[in-house]
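Let me begin by presenting the structure, written as structure tokens, before commenting on it.
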Amino acid sequence: MQTHKAKRVEIIIEAPMERRLTEALVAAGVTGFTVLPVLGGNGRSGLWSREGQVSRAGGMVAVICILREDRLEALLQAAFPLVERHIGVVSVTDCQVLRAERF
Amino acid sequence: MQTHKAKRVEIIIEAPMERRLTEALVAAGVTGFTVLPVLGGNGRSGLWSREGQVSRAGGMVAVICILREDRLEALLQAAFPLVERHIGVVSVTDCQVLRAERF
Amino acid sequence: MQTHKAKRVEIIIEAPMERRLTEALVAAGVTGFTVLPVLGGNGRSGLWSREGQVSRAGGMVAVICILREDRLEALLQAAFPLVERHIGVVSVTDCQVLRAERF
Amino acid sequence: MDSLLSLAAQNLISPIILSFVLGLAAALARSDLTIPEAAAKALSIYLLFSIGFKGGVSVAAHGLDARLLLSLAAGVLLSFVLPFLAFGLLRTMTRLSPIDAAAVAGHYGSISIVTFVAASSVLQGRGVASEGYMVAVAAAMEAPAILSALWLAARFGSHNGPAADSHAGGPDGGLMREILFNGSIVLLVGAFLIGLTTGEQGLADIEDLIVAPFKGLLCLFLLDMGLVAGRGLRASRGVLSAGLVGFGLLMPLCGALFGLGAGLVLGLSSGGIVLMMTLAASASYIAVPAAMRVALPEANPSVYLTLSLGITFPFNLTLGIPIYIALATAAGG
Amino acid sequence: MDSLLSLAAQNLISPIILSFVLGLAAALARSDLTIPEAAAKALSIYLLFSIGFKGGVSVAAHGLDARLLLSLAAGVLLSFVLPFLAFGLLRTMTRLSPIDAAAVAGHYGSISIVTFVAASSVLQGRGVASEGYMVAVAAAMEAPAILSALWLAARFGSHNGPAADSHAGGPDGGLMREILFNGSIVLLVGAFLIGLTTGEQGLADIEDLIVAPFKGLLCLFLLDMGLVAGRGLRASRGVLSAGLVGFGLLMPLCGALFGLGAGLVLGLSSGGIVLMMTLAASASYIAVPAAMRVALPEANPSVYLTLSLGITFPFNLTLGIPIYIALATAAGG
Amino acid sequence: MDSLLSLAAQNLISPIILSFVLGLAAALARSDLTIPEAAAKALSIYLLFSIGFKGGVSVAAHGLDARLLLSLAAGVLLSFVLPFLAFGLLRTMTRLSPIDAAAVAGHYGSISIVTFVAASSVLQGRGVASEGYMVAVAAAMEAPAILSALWLAARFGSHNGPAADSHAGGPDGGLMREILFNGSIVLLVGAFLIGLTTGEQGLADIEDLIVAPFKGLLCLFLLDMGLVAGRGLRASRGVLSAGLVGFGLLMPLCGALFGLGAGLVLGLSSGGIVLMMTLAASASYIAVPAAMRVALPEANPSVYLTLSLGITFPFNLTLGIPIYIALATAAGG
Ligand SMILES: Nc1ncnc2c1ncn2[C@@H]1O[C@H](COP(=O)(O)O)[C@@H](O)[C@H]1O
Ligand SMILES: Nc1ncnc2c1ncn2[C@@H]1O[C@H](COP(=O)(O)O)[C@@H](O)[C@H]1O
Ligand SMILES: Nc1ncnc2c1ncn2[C@@H]1O[C@H](COP(=O)(O)O)[C@@H](O)[C@H]1O
Ligand code: NA
Ligand code: NA
Ligand code: NA
């Protein structure tokens, strides 16, 4: 089956920043993404878990974004100012997609 | 540590189609997969979030499937008719696995 | 935007082993990881779903770990004894990260 | 007319309606207030279990009735027929494609159990009795409309529509089973049967859960419904044409008239007629949307969800129910 | 015998049992009805808190008793011993491997708190009093069986079994701590102590939550248990041999006899004897499975979960409890 | 003094406090006991809805009062001013950076609604009346402190701090809207207005939910708070210096004195003064942390969450409230 090259970007970011991140993505023309819940994690700011939180304050989410290679730079430019000052991890993977016209 | 080449397929699909998709996978001989919850997302049909849903109707799930390269075509053939007419995103990534005999 | 090579490891493991796995990772010097919830899945031990569980016993989680290539071996060494005897799937993908100093 | 107004006003100033309004306002003001999905689902399980059980107990107390079977049959018939009316209105009043119109039509043949609960609650507050088996009628009305919608889509839709679907698992055995053994139908009917079997004694056992806090939990559920409806309205501003809004307000009134007719023919009590009207007037937003995603994926979900949840549900909750009570009373029900 | 039958029939026609049956039937009919995981967990927290608290209040009211300590010791002993009996039966009646048999045996030494709650509820409905501290006995019986299971596995299992485990964090300090500070033990004991400390005054403060809606919430919890048991039975049709099913029905009766003996020796009240029998007869499906996944990962989880939840739990709930009541009465308890 | 001690002792032996202690102990013993996140959120929605509604009903019953507006103004003023006091104390007593100190200070100007609920519950248990509109004062005090904190950070923080933030969406319109339409403020104020509108009649409709099980559900919520506080304390052992702990105990007392002053000036009832003191003494752990993550991401969240939830919250719950009652009584309130 015919597949096409694309990029898969995964951004793990604090829940209170989710809306700002997705708005920045949309503003940069990245209109397709999916948000996954995160149960917990560990990093420089220590171990946390969702059930150990009183509020969303310390929780995180993972935003997954599959897009054409030529749009990657725009996405990274849009996401960087937000993840830079906030807790956040960005990774980019090569992938193949069906139906290239969607991305 | 010895690793082996494999493919990681990620299918984001509407929750009411989950059972049909996994049945199609099993029928095509793809017996290992994992289903992750999805909190929300954006696409051509607009922004949605799980807490904004009355029912599962608009919700989505992510099905992850790690498999040997030579089974990929069978998976894509099985999944395509379902994702084609329904809302859904399929991406395929190269990966390495431990214990190749499992896949 | 400047990106750097890294590895993305995804370990799907039984929920009762989560704490042991993450402790083993931390002991092996892998201090950054994120835990995602898993709704259900299929494998050699059959189909299961989180809502069909009385207890966490049969549930699973996905641990995602992004790290520098040179630390991968240590991670796999740490994780292997746990996933070997327990139900679990490990996959490794090449990726690119922003801000290499974090990993 | 006077009493209709005072009835409507009285209905509007209840914690139940105001909770819905609070949710709606919060969502429109883009507050981050949310009810966790699991809590909302748990509340709906509570409501279904509770009304099913109480319906069963009431039938156990008053005895089975020849009218029960006739009412069930009437409900099934209404559910089959109303989509055709809805489809006709939609094709006249709006520019929806045949597939979209068929999908919307299916929602209006089916029912909204929360609207039913709200109407029962108003009746009870006014001391009006109704037939306990109306709960079973509600369950019977959930599914038939889906078949009418699929038939309409197959008949009037484009050729690669529902036909193509069958090879992807369309209106096949799997789907029929899913519709019939849909969680809410199973729970409603199951709780009804438990209530029927255990009767007053069973009710005494658990009434501190299923009677006492009922209204309060209904408020919290309606708070969530308001939030969801408000978010839906915000997300689909572009979707709702004047014609669609008009349909969302007109169709419940038409449905209610059919319900009134059925109720009068069946000789239901005044409360029973109001409930039959409410069922006919209400539109599904749980069972039918899920079935449509599977069987008519080309239909635009934001159209039917927004109409049913954002227009018709609030209309029924606020003005519809008082109107149906007034009409039923006027008809000497 | 007659009274046993009428007792069983009466037990079967209660909303509690019928809710379980509804869940079971829905799952077997492959309905998509589900209780959200968070709601099921919240319900179990409510049940544990509530019965722990009420047990503590009852001990506060009746005073501490020399029998309390003896009952605790008897419970711990039963929990240690019953796995050996279960292991013997399993090796005789079934073809389970030693590791699998050890894992299953551990479940039958431990207890099911919901079965305990259901038995208390039946006793209370019949006005039979029981010792409040039986809740503490229940907590004490949760863990010891796990140690017996691990010992059985180490003794009779293959060599690379539990031994290999220790280097992966096996029956080490971590596991022992996890077992002892297991959420349900901590909550049950903690609530018991709170009830003991605050007594009748504390109960008066919160009885509108922990007494009034208790039976209703138990129904909803059992609805979920029925769903889970039904799905488990469906998923593991191949797993259950006739021998295993036989064990799942025989073992609770054997356990109950040990419980009866212990209760008579201790001189418990008639209600207390029934509860001791129920504890001995019931099999764990929360604490022990989680411990087994960590310590005996080679054991097949579908065997022990299906047996304990799909066979023994429904048996105890429907027939077991009436039998234990009849036996306790016959023994002049 | 004597009565203070007995008051404190009596307060400590309540199911509410002991549930908190149980959660704390379970977390410190590393038990795996957890309340699902969705259940905890549902409980907090219940508490907010319930106290908002009851506050509104009480205002409807006693009539609107000129003092209401003055109390609201006083609350807003306290919320603005207390962060400055907190910032001064922190810079004197601890080595926190200006940014961290500003973030912590914001928490202490804002309020903890659960502390408020616990205080109301103690007052009610002792039959002390208070002004229903104190709920509205609580809502009004949530947000202003955030502005003071941002101002302090901008004034005393390093240059690339909050300034850099504005281009990332900092203290902009988006943030202000998020703070003002924060879920808990909207729910509290909304429920207050519903209670005000529907009055005693509305309360009668839903009191079986919002009054009867209130204390019991508060216990379960405090169990969860104890778990979260205990886990927070364990996770951030290194974070808390003696100076910080001292601040966490001293600041509520200082805040309470300001609250006492305000209450006396306003001429509130004795119960009202206690509630005003409690609001001033309590520190936020929901609304403010979320705002700080957005607007002051450089501030270390474990400092402010641990202080507010691990030190000040338990202090207020156990010793603070009795002290404030004793002080208010002594001041002839
Ligand atoms: N290397 C990593 N791989 C995966 N997730 C990470 C990594 N580093 C940090 N995270 C996630 O980001 C959160 C915050 O990281 P930190 O800012 O380092 O405390 C952690 O709790 C994890 O959920
Ligand atoms: N490019 C993408 N990357 C990740 N997820 C996507 C993408 N496009 C769509 N999705 C997901 O699929 C859902 C439906 O997409 P659509 O059919 O475009 O409305 C969205 O709400 C997202 O959850
Ligand atoms: N090939 C695979 N791809 C993705 N997830 C898998 C795969 N195999 C197993 N899993 C996950 O691991 C769980 C246990 O697998 P198993 O040990 O094969 O029963 C399954 O229920 C899935 O959630
Ligand atoms: Na209808
Ligand atoms: Na047992
Ligand atoms: Na304060």
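The values are calculated or read from the model by the stated rules, or taken from the named source; none is laboratory data. All values derive from a computational prediction rather than experimental measurement. For neighbour counting, all protein chains shown are included, and Cβ atoms are generated from backbone atoms with ideal geometry for every residue, glycine included. To get the accessible areas, we keep the full protein, side chains included, count just its heavy atoms, and leave off ligands, DNA and RNA. Shrake-Rupley method; radii C 1.70, N 1.55, O 1.52, S 1.80 Å.
Brief remarks follow.
- Count - residues of segment E:200-258 that are outside any helix (DSSP H, G or I) and among the hydrophobic types (A, V, I, L, M, F, W, C): 3
- Qualifying positions in segment F:251-272 - more than 22 Å from F:Pro83 (Cα to Cα) and either open to solvent by less than 10 Å² (accessible area, probe 1.4 Å) or within 16 Å of ligand 5 (Cβ to nearest atom) (or both): F:Gly271, F:Gly272
- Looking only at segment E:19-33, and only at residues there that are facing chain D (nearest Cβ under 7 Å) and in contact (Cβ under 8 Å) with a residue 60 or more places away in the chain, the one that is nearest to E:Val117 (Cα to Cα): E:Ser19
- Residue, nearest to F:Pro144 (Cα to Cα), within segment F:76-108, restricted to residues that are free of Cβ contacts under 8 Å to residues at least 60 places away in the same chain and in contact with a Phe, Trp or Tyr (Cβ under 8 Å, 6 or more places away or on another chain): F:Ala105
- Test result for F:Leu240, surrounded by fewer than 24 Cβ atoms within 10 Å (Cβ to Cβ), more than 14 Å from chain E (Cβ to nearest Cβ) and touching a Phe, Trp or Tyr at 6+ places or on another chain (Cβ under 6 Å): no
- Looking only at segment E:179-216, and only at residues there that are under 22 Å from D:Phe49 (Cβ atoms) and open to solvent by 30 Å² or more (accessible area, probe 1.4 Å), the one that is farthest from the other protein chains (Cβ to nearest Cβ): E:Val211
- Test: residue in segment F:280-300 that is modelled with pLDDT of 95 or more, open to solvent by less than 10 Å² (accessible area, probe 1.4 Å), more than 16 Å from ligand 5 (Cβ to nearest atom) and part of a helix (DSSP H, G or I): yes
- The listed residue being away from chain D (no Cβ under 14 Å) and open to solvent by less than 30 Å² (accessible area, probe 1.4 Å), out of E:Leu64, E:Leu43, E:Leu69, E:Leu78: E:Leu78
- With respect to the conditions (1) at the interface with another protein chain (Cβ under 7 Å from one of its Cβ atoms); (2) open to solvent by 40 Å² or more (accessible area, probe 1.4 Å), C:Leu82 lacks only one, and its number is (2).
- Filter result for D:Val135 (more than 13 Å from the chain's Cα centre (by Cα), more than 16 Å from ligand 1 (Cβ to nearest atom), β-branched (Val, Ile, Thr) and buried (at least 24 other Cβ atoms within 10 Å of the Cβ)): no
- Of all residues in segment D:286-303, none satisfies the criterion of being more than 9 Å from chain B (Cβ to nearest Cβ) and in contact with a Phe, Trp or Tyr (Cβ under 8 Å, 6 or more places away or on another chain).
- Considering each residue of segment C:89-101 in turn, at least one proves to be within 27 Å of E:Ala38 (Cα to Cα), more than 14 Å from ligand 1 (Cβ to nearest atom) and either aromatic (Phe, Trp, Tyr) or open to solvent by 10 Å² or more (accessible area, probe 1.4 Å) (or both).
- Restricting attention to segment B:57-79 and to residues that are modelled with pLDDT under 90 and open to solvent by less than 10 Å² (accessible area, probe 1.4 Å), the residue that is nearest to the other protein chains (Cβ to nearest Cβ) turns out to be B:Ala57.
- Among (1) open to solvent by less than 40 Å² (accessible area, probe 1.4 Å); (2) out of contact with any Ser or Thr (no Cβ under 6 Å at 6 or more places or on another chain); (3) assigned to a helix (DSSP H, G or I), the one test that F:Pro83 misses: (2)
- Some residue of segment C:45-56 being open to solvent by less than 10 Å² (accessible area, probe 1.4 Å) and either modelled with pLDDT of 90 or more or not β-branched (Val, Ile, Thr) (or both): no
- Screening B:Val26 against (1) more than 9 Å from chain D (Cβ to nearest Cβ); (2) at pLDDT below 90 leaves a single unmet condition, (2).
- Selection from segment E:23-40 of residues that are of a type outside the set (Gly, Ala, Ser) and open to solvent by 20 Å² or more (accessible area, probe 1.4 Å): E:Leu24, E:Leu28, E:Arg30, E:Asp32, E:Thr34, E:Glu37
- Residues in segment C:29-50 that are touching a residue at least 24 places away in the same chain (Cβ under 8 Å) and within 10 Å of chain B (Cβ to nearest Cβ) were compared, and the one that is farthest from ligand 4 (Cβ to nearest atom) is C:Gly43.
- Of the numbered criteria (1) within 14 Å of ligand 4 (Cβ to nearest atom); (2) touching a Gly at 6+ places or on another chain (Cβ under 8 Å); (3) within 25 Å of D:Arg126 (Cβ to Cβ), the one D:Leu307 fails is (3).
- Within segment A:12-31, being touching a Leu at 6+ places or on another chain (Cβ under 7 Å) and not basic (Lys, Arg) holds for A:Ile13, A:Met17, A:Leu21, A:Ala24, A:Leu25, A:Ala28, A:Val30.
- Identity of the residue in segment E:86-99, open to solvent by 50 Å² or more (accessible area, probe 1.4 Å) and assigned to a helix (DSSP H, G or I), that ends up farthest from ligand 1 (Cβ to nearest atom): E:Thr92
- For segment A:1-11, the set of residues classified as facing another protein chain (nearest Cβ under 7 Å), open to solvent by 10 Å² or more (accessible area, probe 1.4 Å) and not polar (S, T, N, Q) consists of A:Met1 only.
- Hey, C:Glu14 under 11 Å from the mean Cα position of the chain (by Cα) and at the interface with chain E (Cβ under 10 Å from one of its Cβ atoms) or not: yes
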